[in-house]
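The values are calculated or read from the model by the stated rules, or taken from the named source; none is laboratory data. Predicted model only: the values in this text are computed from it and were never measured. Please note: Cβ atoms are built from the backbone with ideal geometry, for glycine as well, and neighbour counts cover all protein chains shown.
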Amino acid sequence: MTIRDKFREIAKHLNSQLVERDAVIYACLVALLARKHVFLLGPPGTAKSLVIELFCRAIKGASYFRVLINRYTQPEELFGPMKMSALKEDRVEYSTGGFAPTAIVVFFDEIWKAGGSILNTLLTFINERLFFNGNRRDECPLVSAFCASNELPEDSSLNALYDRLMLRLYVDDIVDDDNFKAMMLTEEITDSPIQVTLDELSIAQTDVKSVALNGIVDILTTLRGRLKDAGFEFSPRRWRESVGLLQARAYLEGRSRVDTEDIEILRHVFWNAPEDRANVERILSALGSPEVKETLEWLDKAKEVFDTAIGSAETPEASAVGFEANEKFKKVIVEMTTLYNTADADSSKRSGKVRIEKAISEVKTWQRDVLHRCVGYDI
């Protein structure tokens with residue numbers, strides 16, 4: 001089994017354990033391979049930290065540090081206890097063993113609650129992988145930092161740190177009822193039977209860097225212009241570092257060159273607030289598969305049908321509205337299925353078909369919900 005296949009098997013196992021977390025699992029794997037950092041936004045209890053812990057346990061010898069931050073959190077809770085011997089010499093020095101500066105993977109929960117002094121240190125730690133410890137400048141073995149919160153940063157002073165978290169994912173509650181039932185019936189979450197070593201992770205990261213860009217810079221330039229026209233602007237740093245994510249995705253898909261399909265990963269990069277995501281995804285789809293673009297247009301229409309029907313759920317017209325919505329959903333599903341069947345079946349461009357599959361699944365979920373709430377009928 002190749003190193004790449006091992007990573008795929010790890011992701012496959014995690015997906016079998018955690019429902020509706022495929023996008024998070026895939027993005028976190030891309031981050032580890034590209035040595036990038038991740039921001040997970042969403043309510044508590046949505047398996048954000050569990051995904052990271054399971055990944056870390058699948059990497060032999062990978063040290064993991066996790067901390068829940070609040071406004072009273074002290075630097076010692078992240079960086080280790082202060083050395084008394086150094087304090088006697090008027091120096092602040094930490095015993096970092098077992099704390100963030102010595103970890104391969106870190107998880108900072110409720111990151112935006114950290115105080116200013118901690119955030120300033122974290123900025124250097126995350127961006128440069130350095131920790132200034134007394135008179136020393138320690139290089140840190142950090143591969144990826146995963147930061148979580150149920151809110152976005154509100155203070156502009158946090159923008160610099162937020163910009164360094166390359167992948168941004170909204171982790172929502174479980175939507176589909178069948179998936180919810182599967183989660184409830186899962187007795188135990190198990191570790192991946194397949195593991196990789198730190199050396200194998202390093203080899204994979206080197207291979208990622210060797211993936212050819214194949215003219216993708218021209219596509220990124222076009223994308224930058226279209227995002228600007230739509231009112232979205234991002235730092236040059238963010239654009240430059242997005243290239244590594246494209247290379248990591250191409251590597252995972254078994255290619256030696258970046259393909260247009262790989263820009264799909266950028267839907268987790270170029271947004272600042274959750275409400276931006278739909279517009280960004282439309283812009284990205286226009287650069288990729290035309291079938292995906294049309295699918296998203298149908299998805300928008302289906303969402304309008306869903307919102308209208310649910311808004312009528314408590315009215316006398318609920319049943320008639322529900323039946324009408326059901327017919328519209330059927331038409332959308334037929335159109336999407338046709339697009340799925342005509343989409344490129346090339347294995348290197350599988351993501352387009354996967355995105356259409358997910359859209360069909362979303363519409364079917366809305367269809368079931370409308371029939372249940374408006375008509376009292378379950379399918």
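Assorted remarks:
- Cβ-Cβ under 8 Å pairs, at least 6 apart or on other chains, region 351-367 side outside the structural domain of D177 (by TED's automatic domain parsing) and free of Cβ contacts under 8 Å to residues at least 40 places away in the same chain, far side of a type in the set (D, E, K, R) and not in a helix (DSSP H, G or I): K353/D344
- Residue tally, condition closer than 16 Å to G231 by Cα, among the β-branched types (V, I, T) and in a helix (DSSP H, G or I), over region 256-299: 2
- Here T308 clears all of (1) buried (at least 17 other Cβ atoms within 10 Å of the Cβ); (2) in contact (Cβ under 8 Å) with a residue 12 or more places away in the chain except the condition numbered (1).
- Some residue of region 28-47 being in contact with a Pro (Cβ under 8 Å, 6 or more places away or on another chain) and surrounded by 15 or more Cβ atoms within 10 Å (Cβ to Cβ): yes
- Checked against the criterion of being modelled with pLDDT of 90 or more, out of contact with any helix residue (DSSP H, G or I) (no Cβ under 6 Å at 6 or more places or on another chain) and outside any helix (DSSP H, G or I), the candidates T315, T308, T365, T338 yield just one match: T315.
- The residue list S63, S49 contains one member that is out of contact with any Phe, Trp or Tyr (no Cβ under 9 Å at 6 or more places or on another chain) and more than 12 Å from I194 (Cα to Cα), which is S63.
- Of all residues in region 43-62, exactly one satisfies the criterion of being in a loop (DSSP other than H, G, I, E, B) and among the polar types (S, T, N, Q), namely T46.
- Members of region 55-86 found to be farther than 22 Å from R129 by Cα and of a type in the set (F, W, Y), listed by number: Y72
- Taking region 267-284 as the range and being touching a residue at least 60 places away in the same chain (Cβ under 8 Å) and either buried (at least 18 other Cβ atoms within 10 Å of the Cβ) or not assigned by TED's automatic domain parsing to the domain that holds E233 (or both) as the test, the residues that pass are H268, V269, W271, I283, L284.
- Qualifying residue in region 167-186 (condition: more than 25 Å from A27 (Cβ to Cβ), touching a Phe, Trp or Tyr at 6+ places or on another chain (Cβ under 9 Å), among the β-branched types (V, I, T) and assigned by TED's automatic domain parsing to the domain that holds I59): no
- Residue in region 37-54 that is more than 30 Å from K181 (Cα to Cα) and either outside the structural domain of I265 (by TED's automatic domain parsing) or of a type in the set (V, I, T) (or both) present: yes
Matching residues to (1) free of Cβ contacts under 8 Å to residues at least 60 places away in the same chain; (2) surrounded by 21 or more Cβ atoms within 10 Å (Cβ to Cβ); (3) out of contact with any Pro (no Cβ under 9 Å at 6 or more places or on another chain):
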site: I104; (1), (2), (3): no, no, no
site: I118; (1), (2), (3): yes, no, no
site: T124; (1), (2), (3): yes, no, yes
site: L152; (1), (2), (3): no, no, no
site: S156; (1), (2), (3): yes, no, yes
site: D163; (1), (2), (3): no, no, yes
site: L167; (1), (2), (3): no, yes, yes
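- Any chance I203 is in a helix (DSSP H, G or I), out of contact with any Lys or Arg (no Cβ under 6 Å at 6 or more places or on another chain), modelled with pLDDT of 95 or more and not assigned by TED's automatic domain parsing to the domain that holds K48: yes
- Look at region 56-72: where a residue is closer than 18 Å to Q205 by Cβ and a partner is polar (S, T, N, Q) and part of a strand (DSSP E or B), sitting 6+ places away or on another chain with Cβ atoms under 8 Å, you get I59/T197; K60/T197; G61/T197.
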